[in-house]
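Take a look at the structure set out below.
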Amino acid sequence: MLSAVTVPTVPHEGQKPGTSGLRKKVKVFLQENYTENFIQSIIDALGKDVVGSTLVVGGDGRYLVKEVVDLIIKISAANGVSRLLVGQNGILSTPAVSCIIRKYKTLGGIVLTASHNPGGIDNDFGIKYNCSNGGPAPDQTTNEIYKLTTAIKEYKIVPELKCAIDKIGVQNFTVEGKPFVVEVIDSVRDYVDYMKEIFDFPLIKRLIQGSEQRKPFNVLIDSMNGVTGPYVQRVFVEELGASEKNVRRVVPLEDFGGAHPDPNLTYAADLVNAVKSGDYDFGAAFDGDGDRNMIIGRGAFFVTPSDSLAVLANNLHHIPYFQRTGVRGFARSMPTAAAVDRVAAAKGQEMFEVPTGWKYFGNLMDAGRLSLCGEESFGTGSDHVREKDGLWAALAWLSVLAATGKSVEDILKSHWAEFGRNYFTRYDYEECASDPCNEMMQVLEKRITEPGFVGSAHDSADKTYVVKLADNFSYMDPIDQSVSMKQGLRIIFEDGSRIVMRLSGTGSSGATVRLYIDSYEAKNVVGDAQVMLRPLIDVALQLSQLPQYTGRDAPTVIT
Ligand code: VG1
Ligand code: CO
């Protein structure tokens, strides 16, 4: 029989979860009792439900995942959890955790990831709690976890418990006279089974392999050495008949091979170049934990995430899952361009605008009012799970391509011809000094909320923009009426163009400023976004004085 011990501890500062969990440098997590404190606080926040419960545990394969899985096993055992479902070797993508929580109706799950942030001893780690609906814990829960971290005095652990997580199977223990079970599960099986229910795999297989009517549709799928590697291998190579040449970087690495596992034009430039110079019809990349996606077409034709959402919204009827469930509402995060709003209006669907972060979609989905949603940050997903889902998005696109027989570029061009186009760009200024950025945001907020700002005119190039509305976005959840304040500064102009600015809540050090610009054109739809939006970018830089505050004359990443 194993026994639990109680270890005295003292609080660590700064354990406040951000947009999606607690994310810090690995070395911060390695401080004495830092990780133990946070895990104990998650468990304490669950209250008495924890006794006898089942939790799912897994992560994106980055440095420290295995060690922290081991800690979670030992601390859960000591706190009365009955059973853990652990991905083999600690590997579970973020959407797979969501799928498994829902399928096995567990109390929740713990996801070990810093998503798109680099991994390795000198880089980032993260811990996130997901609730019984499979979604990231809402603000209320994360605030409670944070409060507990500030007052923690002890944690409970079973130090002698030895559990191998490299072999699939059930391991039984007796802890303090009670049974405790760890079930090491296949990392991909449940998720892949689910994808086969959602999509028409034979249809996508015919697309990829070609048929008498059509030559093979050549795809290039890039896992960026993140967690999606084994999922991509199983789905694309084993199920859909793609060859090894159609997939790349499918082995999860603790440091992602030194790369930044963020699927955008900057960090996935490799994929973009390969698709541009090769004979490919379609390219997709996913982030470290598998919830983000980037979609490109032949010649590396780039689909902005805001457009991707709108195109999928307009084409859901090609996907078996939606043929069965019907479509009930769309949503996007506030900074996401409003292309999907036009589809919602055309289809008579309810449309919601929520703050940044997937946790804000969960209630609407649970209430049956939301089928498809997305964020401009390369997040797309549906109510099949409660996380955004990179692989799902790629399969959704392939379903639409197979059903319509069009190219990615043709789909976009006909979409714009029908609905007009929301030009969109995001500028990221990563790892700036925090204090000046905070000051910049305060000064800008004051300026845009002063009397007289609404109605003021701003000139740039040959354009004049007149302010229609300016605020710090706040949101009331229509289901539980909870209010989230200060979710980003937005300036909306008379012609519908927008400037949005916020500080990132996922960085592990310093401040990352995000500047989002969008503008709608009904007719002029095939221009270059950077050229079209330049005048508005200049207005934003001038109003915010961003170059002066950050000392940067160019962003780190342009999307
Ligand atoms: C970023 C994105 C946000 C996304 C979040 C988590 O947050 O902007 O849209 O939901 O990352 O994505 P922030 O606060 O840094 O802007 V992931 O792939 O880290 O789970
Ligand atoms: Co992610």
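The values are calculated or read from the model by the stated rules, or taken from the named source; none is laboratory data. Source: prediction; values computed, not measured. Here the Cβ is made from the backbone with ideal geometry for all residues, glycine too, and neighbour counts use every protein chain on show.
Can you pull out every residue in the stretch 359-390 that is within 12 Å of the chain's Cα centre (by Cα) and farther than 26 Å from ASP518 by Cα?
Scanning the stretch 359-390 gives a single hit, ARG386.
Confirm whether GLU375 is within 20 Å of VAL500 (Cβ to Cβ) and of a type in the set (D, E, K, R).
yes
All but one of (1) on the phi > 0 side of the Ramachandran plot; (2) under 14 Å from the mean Cα position of the chain (by Cα) hold for GLY299; state the number of the condition that does not hold.
Against the list (1) on the phi > 0 side of the Ramachandran plot; (2) under 14 Å from the mean Cα position of the chain (by Cα), GLY299 comes up short only on (2).
Would you check if there is a residue in the stretch 139-150 being away from ligand 2 (no atom under 13 Å from the Cβ), in a loop (DSSP other than H, G, I, E, B) and more than 27 Å from GLY52 (Cβ to Cβ)?
yes
Does ALA77 satisfy the criteria of being farther than 19 Å from THR141 by Cα, within 16 Å of ligand 1 (Cβ to nearest atom) and either modelled with pLDDT of 95 or more or not basic (Lys, Arg) (or both)?
On the way: farther than 19 Å from THR141 by Cα: yes; within 16 Å of ligand 1 (Cβ to nearest atom): no; either modelled with pLDDT of 95 or more or not basic (Lys, Arg) (or both): yes.
Here the answer is no, as ALA77 does not meet what is asked.
Just for strands (runs of 3 or more DSSP E) wholly inside the stretch 323-401: which have at least 3 residues that are away from ligand 2 (no atom under 16 Å from the Cβ) and either basic (Lys, Arg) or touching a strand residue (DSSP E or B) at 6+ places or on another chain (Cβ under 8 Å) (or both)?
330-333, 351-354
Would you tally the residues in the stretch 197-216 being acidic (Asp, Glu) and free of Cβ contacts under 8 Å to residues at least 24 places away in the same chain?
Adding up the residues that qualify gives 1.
Looking at VAL235, is it buried (at least 23 other Cβ atoms within 10 Å of the Cβ), within 25 Å of the chain's Cα centre (by Cα) and touching a residue at least 24 places away in the same chain (Cβ under 8 Å)?
Spelling it out, VAL235 is indeed buried (at least 23 other Cβ atoms within 10 Å of the Cβ), within 25 Å of the chain's Cα centre (by Cα) and touching a residue at least 24 places away in the same chain (Cβ under 8 Å).
Have a look at LYS359, LYS388 and point out the one that is buried (at least 23 other Cβ atoms within 10 Å of the Cβ) and modelled with pLDDT under 95. Reasoning before the result, please.
Numbers: LYS388 fails: modelled with pLDDT under 95.
So the residue among LYS359, LYS388 that is buried (at least 23 other Cβ atoms within 10 Å of the Cβ) and modelled with pLDDT under 95 is LYS359.
So that you can scan it fast, the table gives a plain yes or no per residue for (1) within 15 Å of THR425 (Cβ to Cβ); (2) in a helix (DSSP H, G or I):
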| position | (1), (2) |
| --- | --- |
| PRO451 | no, no |
| VAL467 | no, no |
| ARG490 | no, no |
| TYR520 | yes, no |
| MET532 | yes, yes |
| PRO547 | no, yes |
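Kindly evaluate VAL275 against the criterion of being in contact with a helix residue (DSSP H, G or I) (Cβ under 9 Å, 6 or more places away or on another chain), more than 27 Å from TYR429 (Cβ to Cβ), touching a residue at least 60 places away in the same chain (Cβ under 8 Å) and β-branched (Val, Ile, Thr).
For VAL275, the condition - in contact with a helix residue (DSSP H, G or I) (Cβ under 9 Å, 6 or more places away or on another chain), more than 27 Å from TYR429 (Cβ to Cβ), touching a residue at least 60 places away in the same chain (Cβ under 8 Å) and β-branched (Val, Ile, Thr) - is not met.
So, in the stretch 435-448, of the ones that are without any contact (Cβ under 8 Å) to a residue 60 or more places away in the chain and closer than 13 Å to LEU543 by Cα, which residue ends up surrounded by the most Cβ atoms within 10 Å (Cβ to Cβ)?
Among those residues, the one meeting the criterion is GLU445.
Only one of GLY283, GLY288 is buried (at least 19 other Cβ atoms within 10 Å of the Cβ) and within 11 Å of ligand 1 (Cβ to nearest atom). Can you tell me which? Lay out the reasoning, then the answer.
Numbers: GLY283 fails: within 11 Å of ligand 1 (Cβ to nearest atom).
Going through GLY283, GLY288 in turn, just one is buried (at least 19 other Cβ atoms within 10 Å of the Cβ) and within 11 Å of ligand 1 (Cβ to nearest atom): GLY288.
Could you check, for the stretch 210-217, whether at least one of its residues is in contact with a strand residue (DSSP E or B) (Cβ under 7 Å, 6 or more places away or on another chain) and either in a loop (DSSP other than H, G, I, E, B) or under 26 Å from SER277 (Cα atoms) (or both)?
Looking only at the stretch 210-217, we keep the residues that are in contact with a strand residue (DSSP E or B) (Cβ under 7 Å, 6 or more places away or on another chain), and these are 217.
Restricting the remaining residues to those that are either in a loop (DSSP other than H, G, I, E, B) or under 26 Å from SER277 (Cα atoms) (or both) gives 217.
Looking through the stretch 210-217, at least one residue is in contact with a strand residue (DSSP E or B) (Cβ under 7 Å, 6 or more places away or on another chain) and either in a loop (DSSP other than H, G, I, E, B) or under 26 Å from SER277 (Cα atoms) (or both).
For residues that are surrounded by 20 or more Cβ atoms within 10 Å (Cβ to Cβ) and aliphatic (A, V, I, L, M), tally how many sit in the stretch 5-25.
1
Taking into account only those residues within the stretch 84-142 that are among the small types (Gly, Ala, Ser) and more than 28 Å from VAL251 (Cβ to Cβ), which is surrounded by the fewest Cβ atoms within 10 Å (Cβ to Cβ)?
SER132
One residue is enough: does the stretch 151-159 have a residue meeting the conditions free of Cβ contacts under 8 Å to residues at least 40 places away in the same chain, more than 16 Å from ligand 2 (Cβ to nearest atom) and not charged (D, E, K, R)?
Scanning the stretch 151-159, I find no residue that is free of Cβ contacts under 8 Å to residues at least 40 places away in the same chain, more than 16 Å from ligand 2 (Cβ to nearest atom) and not charged (D, E, K, R), so the answer is no.
Got a number for residues in the stretch 299-315 being touching a strand residue (DSSP E or B) at 6+ places or on another chain (Cβ under 7 Å) and under 25 Å from TYR475 (Cβ atoms)?
So the answer is 7.
Looking at the stretch 228-259 only, could you name the residues that are in a loop (DSSP other than H, G, I, E, B) and either of a type in the set (D, E, K, R) or farther than 24 Å from ILE121 by Cα (or both)?
If the condition is that a residue be in a loop (DSSP other than H, G, I, E, B) and either of a type in the set (D, E, K, R) or farther than 24 Å from ILE121 by Cα (or both), then LEU240, GLY241, ALA242, SER243, ARG249, GLU254, ASP255 are the ones that fit.
For (1) within 16 Å of ligand 2 (Cβ to nearest atom); (2) of a type in the set (Lys, Arg); (3) part of a strand (DSSP E or B); (4) under 27 Å from TYR520 (Cα atoms), each residue gets a yes or a no:
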| site | (1), (2), (3), (4) |
| --- | --- |
| ALA285 | yes, no, yes, no |
| ASP289 | yes, no, no, no |
| ASN293 | yes, no, yes, yes |
| SER306 | no, no, no, yes |
| VAL311 | no, no, no, yes |
| LEU316 | no, no, no, yes |
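I'd like to verify a number: residues in the stretch 74-92 that are among the hydrophobic types (A, V, I, L, M, F, W, C) and within 24 Å of GLY229 (Cβ to Cβ), how many?
Summing the residues that are among the hydrophobic types (A, V, I, L, M, F, W, C) and within 24 Å of GLY229 (Cβ to Cβ) in the stretch 74-92 gives 5.
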